[in-house]
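Read-outs throughout are calculated quantities, based only on the coordinates presented, and are distinct from any laboratory measurement. What you see is a predicted model; the values in this text were computed from it and never measured. Cβ sites come from the backbone with ideal geometry, for glycine too, and all protein chains shown count toward neighbours.
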Amino acid sequence: MKIKMRLLILLSILMGLSPGSAFSQSQVDRSERVKDLATFGGVRTNQLLGYGIVVGLNGTGDGNVAATSQTIQSLLSRFGMTVDINAINAKNTAAVMVTAEIPPFSKPGNKIDVTVSALGKATSLRGGSLLLTQLVGADRETYAIAQGNLAVGGLGITGNDGSKVTVNVPTVGRIAGGAFVERMVPHPFETSAAFMLNLNVPDFTNSMRLAEAINKRFGNGTASAMDGSTVRVNAPKDLNGRVNFASALEEIRIGKSLPPARVIVNSRTGTIVISEGVRVTPAAVTHGSLTVRIKENQNVSAQGPTIVNNNAVVTPGGPPVVTPDSQITVDQQPARAFLFQSDIQLSSIVDAVNAVGASPSDLVAILEALKQAGALNAELIII
């Protein structure tokens, strides 16, 4: 019953209803804003990557890693110093990879957060400082410069006897606002003749409704549905007009169509999500359980008697004899059956499955069997 109540409450919350309400489509406001359904094509974050050096570690660095020593040698040479690579011990230094995401419309001088991850043998980056590091994009152009002190949430301690205590991940740290944007990422917002609205979840009905809502607001011919994922919207030529137009476009509300009928089962945790459109055609299901218990015992007995000769010499018998004793018990609970009538809805499916006390693994087997029999009119997804 607890599983049943949790499932019903979860589905009620997901559908915007109170736990005691009925699953009625008329009670649910399915209209959503355009900004929640779609994104502007080309307006997105971009990933940046860089290779750098963290210094100031308390003996938790890379040590004698060749790549780190070579980096230090190259770095010092820029300051007019010549150092033998074999004389470098990088125990207080670590080679790291620096990653970041640059938001759309970022301008030179804006700050972004960076993540720093150890690349070599470093055991902790706590207390370290990242030296000036270039962050490049996929086109190998530099878009940001990072530097600063790391904030590390993990902790790693190693004793002289080899014992070790690790809390979280001490080899990864972050620098809030640790990089300055040096170059803008080009985007089509200012130059393209039209906006491309890409639906977060492709759906032909939503694509058609989105185009109709835009045309109703701004006039016929403004938008056209290109496919189930993209709607083309003619954009003003003036930049200020584009911003105002995009703002108004995002606030348009459309009636979202029902999602496809799906049953999603997480076989590891037992989490089950059933969408509202799931239906079951007439089918009978029998559910039972078979338990087999095997108990192993070992019977030990002496092999032979002890022999005492005339000279009082004791000769023991042979090694004891071990005889295995297996006991097998079979316990089969009576099978329980239930019947799905025609056009069964969500609540009836939940009631029937919980009535037989099905475990998560049993439920997966029942749903798979219904799908194979053609009685489950929904897509079954097991994760």
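Here are a few things to note about the model shown:
- Lys35 versus Leu132: modelled label distance in nm, points set 7 Å from Cα along the beta carbon direction: 3.9 nm
- R0 of 25 Å, Cβ-Cβ distance Leu75-Met184: FRET efficiency to nearest 0.05: 0.30
- Ranked for footprinting exposure by Cβ neighbours inside 10 Å, fewest first, Glu276, Glu251, Glu379 give Glu251, Glu379, Glu276.
- Mean-position separation - Cα centroids, segment 237-262 and segment 84-98, in angstrom: 52 Å
- Paramagnetic label zone (point 7 Å from Cα along Cα-to-C-beta, Ile145; backbone N under 17 Å) in segment 44-64: 49-53
- Spin-label zone in segment 36-69 - amide nitrogen under 16 Å from a point set 7 Å from the Cα of Arg242 along the C-beta vector: 40-44
- Extending 7 Å from the Cα toward the beta-carbon at both Glu251 and Ala193 defines two label points whose distance is 3.0 nm.
- Of Lys35/Lys256; Lys256/Lys371; Lys35/Lys111, pairs whose Cα-Cα distance is over 22 Å: Lys256/Lys371; Lys35/Lys111
- Amide hydrogen neighbours beyond the local backbone of Val169, cut-off 5 Å, H modeled: Gly154, Leu155
- For segment 181-197, 3J(HN,Hα) per residue [Karplus equation, 6.51 cos²θ - 1.76 cosθ + 1.60, θ = phi - 60°, Hz, x = Gly/Pro]: 6, 10, 8, 7, 8, x, 9, x, 4, 7, 10, 6, 6, 8, 8, 10, 8
- Additional length obtainable on full extension of the chain from Thr281 to Asn168, 0.36 nm per residue less Cα span: 35.7 nm
- Top positive-direction residue, dipole computed over segment 193-255 with Cβ charges, set Ala246, Pro236, Asn206: Pro236
- Modelled spin labels at Ser117 and Lys371, positioned 7 Å past Cα toward Cβ, are 3.2 nm from each other.
- If the segment from Asn58 to Thr271 were pulled out straight at 0.36 nm per residue, it would be longer than the present Cα-Cα gap by 72.1 nm.
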